[in-house]
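Here's the structure, in structure tokens; my notes come after.
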Amino acid sequence: MSAAVPLPSPEPRDHALDACFLGPYGENDALLEKLMVEFLRDHVYWRRNFHPEDPPAIATSSAQHPDYLAFEARMRRELHQLSAALKKSVPFHSPRYIGHMASDLLLPGLAAHMLTLPYNPNNVSEDAAPVTVDMEVQAGLQLARMLGYPHDPEQPDCAFGHLTSGGTLANYQALRLALALKAFPVALRAAQVPGIALPADDWSAFNLAAADTIVLLEQWRAWLAGLTPPEQKYWHTRVEDERIEQRGLADFFAAHPTLRVPLVLAPVTAHYSWSKGMKLLGLGRNQLQLLPTRGMRLDTVALHETLARCARNRQPVLMCVAVLGTTEYGTIDPIDAVLAARSQARSLGLEFSVHVDAAWGGYLATLFRREDGSLRRRHEVAAEYVRFPTTEVHAAFAALGDTDSATVDPHKLGYLPYGSGAFICRDHRAMALLAERADYVFHANPPDNYLARYRSLGQFVPEGSKSGAAAAAVYVMHKVLPLDHVHFGRLPRATIRAAEAFHACARRLALDVADTMHVLVPFAPDSNLVCLALNPCGNRSVAHANAYVRALHDTLRCDPHQPLQLKEFFGSATSLRPEMLGPSDTSRILTALDLDPDSLGTGPDHDRLIILRHTLMNPYLIDHENNISYIERYFEFLGRRVRALATAIDPGQG
Ligand SMILES: *Cc1c(COP(=O)(O)O)cnc(C)c1O
């Protein structure tokens, strides 16, 4: 029966990928070592050549001093202990690791990061990072191009992106920027700025499209530039005093009684950083409205209904979040449909920004980008896969360029060290509203050079001091592997093909173990994350199925009390909750697994279905050298475990 499920043809060996990583066996150790020694020496020469006339400050004889030797010994001891302890780390590099969103590190990024560390640039400003601040701004433009945002700094509406410690901070930044844009026209009205045409009332000022707010902002700056310095100071202060950032939420909304704290709409599958962000900004978690999904993709019917209700009740909306690659299921929200819903809401007087949380899936956009930056058609992309990309997935990626901002994590599918997230907004002029010292923003002549404007990065970003080494890593990686399908795209292509092979193997396993186990891929994967739901035949209870999957997951999870080598494979687990799934998907999945819907209750172990989750980002899941598929091996392993556990756990006792 196995033959009924054809496996996708194996990925042709791509030698260009061979030099990309240190490798599961450390195959490229000599390459990395050569680079490290070369650039460490280079760094030392740089130190010596700063003022070669300065003699060495540390005496050459001090290396023989007992205190020196004692220090060295202590340092070595601690480093040995660290190195020994780190042997318990999770083996992200191994093709046997298909758990969370982590894998091997791209050599160009790792080497750039390591070579920059001893220079220790601080990207808070150019004074502390004359080289790497520009690299960070360039990396933002590289990501903007990948997403389809305007990326020519000569153009006034060019995008802007910067790095953050991770996707969480990038999402906070999205909230900050959206709020600044939304509230600014209200401040202009309150300050009664003459000379520019302002919206008629607070409601319409609070519901201006981002592009219109940017026009207002530019007009305001131009008007200000025509005044005498004392007048400039007067009007600048007058507007600043009305801004939400100055007054705080309570005071701002008290001053504008027709307005309410705006909602943030996001699918129930959204990452928990959104909840954290609502707390941090003081918007309150109550204002985070989680929308239902269909097949774990945002339900646009529900979105339309919510927006119509908001318009009716005069409830402002700050932002709608669409997730490009959900953290738990890898599913992709219909970004095009979210944009269409916004256009429709506009006719009801409701305006908000659309942010794409592409922390996970952002780099998949390279699959859709030609070298010249244009978009590949669906059939061109599809020629390389069995099922990817569905029409919906292609439409979602094609719509990216029309959104307002996005989060992308170079430390996830960019294969770079932690912490590298990125926030990118479509029109850089909006960033002026985030500047901490606004005097320069409203100054008659801000630096008109795009790069110069962002050299005091600390003015705009949520963090203060930040790693210049991380910026160098992102920039250099993007230069070595440009963000199009011919270069960087080879990597995600291998992972999507691996996910398709994985999906086929899962269906084959379902047939092979049909007498003992129900095996189901609950959603056809949109990308490279595949989940697996299981239930022993004869069992109808959700609690019992959960106990079974937990036991299975115990063999797949990190256990610091056991030698690493005892683990055959690493996987992760997640859960399906009916309130997330919606009634029709819940019923479809329970039926396919032969589970009793009544056993899905309210108890701690009954209210959700535990499933296995696999992130297929390791580039070496198919070993061409030795003709090994770690995916097939994983399923052989799973088949063995499934049979062993099915006999060990008696469904009659569920
Ligand atoms: C990982 C992730 C985040 C958070 O990013 P961090 O880098 O962990 O802070 C946010 N959103 C999505 C969709 C993610 O997958």
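Values quoted throughout were computed directly from the atomic coordinates according to the rules given, and no laboratory measurement underlies them. If you're wondering where the values come from, they're calculated on a predicted model, not measured in any experiment. No Cβ is skipped: glycine too gets one built from the backbone with ideal geometry, and neighbour counts run over all protein chains shown.
Numbers at a glance
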item: M319 long-range amide H proximity, modeled H, under 5 Å; result: L265, S353
item: Calculated FRET efficiency for the pair H606/W46, C-beta based, R₀ 60 Å, to 0.05; result: 0.40
item: Peptides ranked, highest mean first, by Cβ atoms within 10 Å: ranges 601-607, 417-423; result: 417-423, 601-607
item: Computed over the chain: relative contact order in percent, which uses C-alpha pairs under 8 Å that are six or more apart; result: 20
item: FRET efficiency, 1/(1 + (r/R0)^6) with R0 56 Å, evaluated for D515 and Q155 via beta carbons; result: 0.30
item: Cβ-placed point charges (K, R +1; D, E -1), dipole of the stretch 357-402 about Cα centre in debye, nearest 20; result: 140
item: Cross-link reach list, lysines versus K34, counting only Cα pairs under 30 Å and skipping chain neighbours closer than eight places; result: K87, K88, K412, K466, K479
item: Low-density loop positions, trypsin sites (Lys or Arg not before Pro), the stretch 538-589 - DSSP coil, at most 16 other Cβ in 10 Å; result: R557
item: Separation between Cα centres of the stretch 71-96 and the stretch 168-182, rounded to whole Å; result: 38
item: Mean ellipticity per residue at 222 nm, deg cm²/dmol - from DSSP H runs of n ≥ 4 across the chain, formula -39500 (n - 2.57); result: -12500 deg cm²/dmol
item: Computed over the stretch 164-409: relative contact order in percent, which uses C-alpha pairs under 8 Å that are six or more apart; result: 20
item: Where labels lie 7 Å past Cα in the beta-carbon direction, separation of E392 and E231 in nm; result: 5.7
item: Pairwise FRET efficiency - L566 versus R641, Cβ, R0 = 22 Å, nearest 0.05; result: 0.95
item: Euclidean distance between Cα centres, the stretch 191-213 to the stretch 247-293, Å; result: 22
item: Sparse-neighbour loop sites [GluC sites (Glu not before Pro); the stretch 95-182; at most 11 other C-beta within 10 Å; DSSP]; result: E154
item: Linear extension gain, L280 paired with C537, 0.36 nm per residue minus alpha-carbon span; result: 87.8 nm
item: Charge dipole (debye, nearest 20) of the chain; +1 at Cβ of Lys and Arg, -1 at Cβ of Asp and Glu; result: 860
item: Added length on full extension, which subtracts the Cα-Cα distance from 0.36 nm per residue, D212 to E632; result: 145.8 nm
item: Cβ-based charge dipole, the chain, positive-most Cα from T615, I214, L177; result: T615
item: Between the stretch 472-541 and the stretch 327-369, the alpha-carbon center distance in angstrom; result: 22
item: Under-5 Å amide H pairs with L291, H placed in peptide plane, nonlocal only; result: A266, V268
item: Antiparallel DSSP beta bridges within the chain, as percent of all bridges there, nearest 5; result: 65
item: Packing rank of 259-265, 298-304, 323-329, where each peptide gets the mean count of other beta carbons within 10 Å, highest leading; result: 323-329, 259-265, 298-304
item: Coil-residue GluC sites (Glu not before Pro) of the stretch 21-60, DSSP, other Cβ within 10 Å capped at 16; result: E27, E53
